[in-house]
Amino acid sequence: MEQTKKSTFKLLFYLKKNELKKNGNAPIMARITIDGTPKTFGTKLEINPNNWDLKYGRVEGKSATALSVNQKLDNIRGRIDKIYEDMLKHEGFATAQKVKLSFLGVGVMEDAILKVFKDQNEDFEKMVAKGKRSQSTYSKYNTV
């Protein structure tokens with residue numbers, strides 16, 4: 001099995017208190033840090049700043065809102081941890097930017113389009129073998 005380089009990985013949730021919403025809530029931000037390089041993104045969650053536990057990066061209390069937001073933060077943490085571990089396992093390394101983009105789903109669509117195009121070319125190649133399509137057309141598709 002391939003040896004992977006161990007990197008430092010940290011996920012922090014914090015409030016963006018300087019940009020309060022009209023309702024007085026502050027957006028909850030996430031910061032992924034890998035090998036000292038941070039990348040930040042919004043979680044699309046918000047909470048009253050008075051209910052935020054700065055030490056633990058979670059909402060204080062047992063109210064329905066607190067439990068719901070904490071559950072969503074746990075889900076985000078679990079998904080990001082899994083993405084990080086999968087990258088280490090399959091690629092041997094991970095960067096904060098790659099983990100962030102993977103979590104946000106950026107770049108996934110490009111891979112999906114290329115896969116569809118590749119599948120279409122494979123199907124077209126089978127039709128060429130059966131004589132239903134021309135080799136020259138397949139050659140043009142394959143060079144794109």
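Read the figures in this text as sums done on the coordinates, not as results from a lab. Fair warning: this is a prediction, and the values are worked out from it, not measured in the lab. Note: ideal-geometry Cβ built from the backbone for every residue, glycine included; neighbour counts use all protein chains shown.
Once you've got the GNM for the chain with C-alpha springs shorter than 10 Å, pick whichever of D74, D119, D35 has the biggest mean-square fluctuation.
For the chain, modelled as a Gaussian network with Cα springs under 10 Å, the answer is D119.
GluC sites (Glu not before Pro), restricted to region 1-76: which are DSSP loop and have at most 13 other Cβ atoms within 10 Å?
Values: sites: E2, E19, E46, E60; in loops: E2, E19, E60.
Those satisfying the criteria are E2, E19.
Ignoring everything except DSSP H segments at least 4 long, calculate the 222 nm mean residue ellipticity for the chain; use -39,500 (n - 2.57) per segment, divide by total residues, nearest 500.
Values: 4 runs with 68 residues, N = 144.
The per-residue figure over the chain is -16000 deg cm²/dmol.
Which of the trypsin sites (Lys or Arg not before Pro) found in region 69-138 are in a DSSP loop and have at most 16 neighbouring Cβ atoms, other than their own, within 10 Å? Write out the running numbers ahead of the final one.
Numbers: sites: K72, R77, R79, K82, K89, K98, K100, K115, K118, K126, K130, K132, R133; in loops: K130, K132, R133.
Those satisfying the criteria are K130, K132, R133.
Mind checking which of A30, A94, A129 has the largest fluctuation in a GNM of the chain, springs on alpha carbons under 10 Å?
With Cα springs under 10 Å in the chain, the top fluctuation among A30, A94, A129 is at A129.
Could you give the size of the charge dipole of the chain about its Cα centre, using +1 on the Cβ of each K and R and -1 on the Cβ of each D and E, expressed in debye and rounded to the nearest 20?
I would put it at about 280 debye.
Relative contact order, percent, of the chain when contacts are C-alpha pairs under 8 Å separated by at least 6 residues?
Working: 153 pairs, mean separation 25.1, N = 144.
Normalised by residue count, the contact order of the chain is 17 percent.
Based on the Cβ-Cβ distance from K10 to S68, what FRET efficiency comes out when R0 is 22 Å, to the nearest 0.05? Write down the numbers at each step before the final one.
Details: r = 25 Å, r/R0 = 1.12.
After rounding to 0.05, the efficiency reads 0.35.
Under the classification rounded if a/c is under 1.5, otherwise prolate if a/b is larger than b/c and oblate if not, where does the chain fall, given a ≥ b ≥ c as square roots of the Cα gyration tensor eigenvalues? Before the final figure, lay out each step's value.
Numbers: a/c = 3.53, a/b = 2.29, b/c = 1.54.
It comes out prolate by the Cα gyration axes.
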